[in-house]
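The values are calculated or read from the model by the stated rules, or taken from the named source; none is laboratory data. Computed from a prediction, not measured in an experiment: that's the story for all the values here. We place every Cβ from the backbone using ideal geometry, glycine too, and count neighbours over all the protein chains shown. Accessible surface areas use protein heavy atoms only, side chains included; no ligands, DNA or RNA. Shrake-Rupley method; radii C 1.70, N 1.55, O 1.52, S 1.80 Å.
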Amino acid sequence: ALLLIDATTGVTEQDAHVAGYILDEWKSVIVVVNKWDAIEKDSYTMLEYTEKIRNQLNFLDYVPLLFISALSGQRVDQVLPMALQVEEDRHKRVGTGQLNRIIRRAMDNHPPRSGTGRPLNIYYVNQVRDDPPTFLLHVNEPKLAHFSYIRYLENSIRKEIPFVGTPIHLVMKAS
């Protein structure tokens with residue numbers, strides 16, 4: 001999906017709502033900021049605008065941002081190559097060995113905590129599908145995995161395998 005944002009108005013409530021639908025459907029996305037030519041700029045404008053969008057759409061922190069002007073054609077030629085890169089990453093396969101090394105490192109750096117006193121044990125992880133990339137974590141008890149820890153594991157995977165613009169799905173399975 002291409003989420004088109006008007007640079008003159010910024011991220012609206014409706015934009016965030018549509019972004020939520022995109023995420024709910026597990027679709028890959030690029031945020032395209034149009035009318036960039038209508039913005040008064042200095043050397044920090046793009047950086048500041050990027051930070052503002054990242055804060056407003058914080059649940060889409062993995063998506064690329066493109067600043068374009070449909071009127072002047074500025075950077076419009078970057079949209080299709082970026083869409084092709086996102087599509088390629090959506091179908092990326094990762095080996096079980098590499099995934100397990102990433103998860104082990106993440107667990108060594110930040111062991112999972114449990115409110116029940118029972119520790120979460122992750123035995124191994126493998127990729128069970130692409131489109132979107134879905135990873136199955138074989139654990140002792142899925143309900144011991146707090147959503148913040150699952151997010152941490154997702155970020156650990158993304159740090160080594162970016163999956164640009166593509167959501168990744170982590171599924172816990174009792175083994």
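Heavy atoms of the protein chains alone define the surface here; on that basis the range 1-48 has 62 Å² accessible area per residue at 1.4 Å probe size. A 1.4 Å probe run over the protein chains yields, for the range 118-175, 46 Å² of accessible area per residue, whole-number rounding.
Of 110, 138, the order by accessible heavy-atom surface (1.4 Å probe, DNA, RNA and ligands excluded), from most exposed downward, is 110, 138.
Mind putting a number on the dipole of the chain about its Cα centre? Charges go on the C-beta only, +1 for Lys and Arg and -1 for Asp and Glu, and I need it in Debye to the nearest 20. Could the numbers behind the result be given before it?
Details: 20 positive and 21 negative charges, 206 e Å.
About 980 debye.
Toward the positive end of the charge dipole of the chain, with +1 on the Cβ of Lys and Arg and -1 on the Cβ of Asp and Glu, the farthest Cα among 162, 86, 99 is that of 99. Extending 7 Å from the Cα toward the beta-carbon at both residue 173 and residue 59 defines two label points whose distance is 2.7 nm.
Working with all protein chains in place, sort 89, 77, 61 by solvent-accessible area computed with a 1.4 Å probe, largest first. Before the final figure, lay out each step's value.
On the way: 89 5, 77 115, 61 75 Å².
So, going from the largest accessible area down, we get 77, 61, 89.
Within a straight-line Cα-Cα reach of under 19 Å, residue 27 can be paired with the following lysines, leaving aside sequence neighbours fewer than 8 residues apart in one chain: 92. Among the chymotrypsin sites (Phe, Trp or Tyr not before Pro) found in the range 24-54, those both in a DSSP coil and sparsely packed, with 13 or fewer other Cβ atoms within 10 Å of their Cβ, are 44.
Computed over protein heavy atoms with a 1.4 Å probe, the carbon and sulfur contribution to the accessible area of the chain reaches 53%.
Note on exposure: 5, 39 ranked by accessible area (1.4 Å probe, complete protein assembly) read 39, 5, with the most exposed listed first.
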